[in-house]
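To keep things clear, I will list the structure first and then write my remarks on it.
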Amino acid sequence: MKGPLQKGSRVKSLKVLGRRIKVRYSEMEEWGLCDNDQLTIFISLKCIDDPKQHWLTIIHEVSHMIFRLTGLAFMERNEEEAYVRCIENLIIPWIFEHKHLKPK
């Protein structure tokens with residue numbers, strides 16, 4: 001998908017940290033889930049009718065994927081500076097690279 005998210009639209013995959021991440025949609029109670037072992041993000045079907053919520057859910061799940069792929073999610077201690085640097089150097093650039101998905 002090259003344009004902004006619209007009502008009913010779906011994303012098939014996203015590139016995150018150089019890896020192709022599949023995006024799957026299904027009925028679920030949560031807005032989204034991240035499975036880093038399968039390199040898959042699951043999005044609730046209820047998101048596809050609200051482009052803004054869809055966009056925010058994608059950002060949220062991609063953030064989880066980045067934390068897991070970089071190993072930050074598995075740290076014994078919470079190192080706030082490490083999380084801030086991850087967001088600053090990885091998540092925010094990802095958002096700008098995929099801003100074409102953001103609904104207008």
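The values are calculated or read from the model by the stated rules, or taken from the named source; none is laboratory data. Fair warning: this is a prediction, and the values are worked out from it, not measured in the lab. Neighbour counts are summed over all protein chains in view; Cβ atoms, including those assigned to glycine, are modelled from backbone coordinates with ideal geometry.
Descriptive notes on the structure:
- Of the residues making up the range 13-40, those that are assigned to a loop (DSSP other than H, G, I, E, B) and either modelled with pLDDT under 95 or touching a strand residue (DSSP E or B) at 6+ places or on another chain (Cβ under 6 Å) (or both) number 9.
- Within the range 73-89, tally of residues that are among the β-branched types (Val, Ile, Thr) and either modelled with pLDDT of 90 or more or surrounded by 11 or more Cβ atoms within 10 Å (Cβ to Cβ) (or both): 1
- Residue in the range 50-62 that is more than 20 Å from Lys104 (Cα to Cα), at pLDDT 95 or above and touching a Cys at 6+ places or on another chain (Cβ under 9 Å) present: no
- Within the range 69-87, the set of residues being touching a Lys or Arg at 6+ places or on another chain (Cβ under 9 Å) and of a type in the set (Asp, Glu) is empty.
- Criterion (closer than 16 Å to Glu97 by Cα and either surrounded by 15 or more Cβ atoms within 10 Å (Cβ to Cβ) or of a type in the set (Phe, Trp, Tyr) (or both)) met by exactly one of Leu17, Leu33, Leu5: Leu5
- Set Ile66, Ile43, Ile59: member being out of contact with any Lys or Arg (no Cβ under 6 Å at 6 or more places or on another chain) and part of a strand (DSSP E or B): Ile43
- Close pairs from the range 62-90: first without any contact (Cβ under 8 Å) to a residue 60 or more places away in the chain and more than 27 Å from Lys12 (Cα to Cα), partner part of a helix (DSSP H, G or I) and of a type outside the set (Phe, Trp, Tyr), Cβ under 8 Å, at least 6 apart: Phe74/Arg68; Met75/Ala82; Ala82/Leu72; Tyr83/Leu72
- Met65 being among the aliphatic types (A, V, I, L, M) and over 23 Å from Lys2 (Cα atoms): no
- Selection status of Thr70, polar (S, T, N, Q), surrounded by fewer than 16 Cβ atoms within 10 Å (Cβ to Cβ), within 16 Å of Trp94 (Cα to Cα) and at pLDDT below 95: yes
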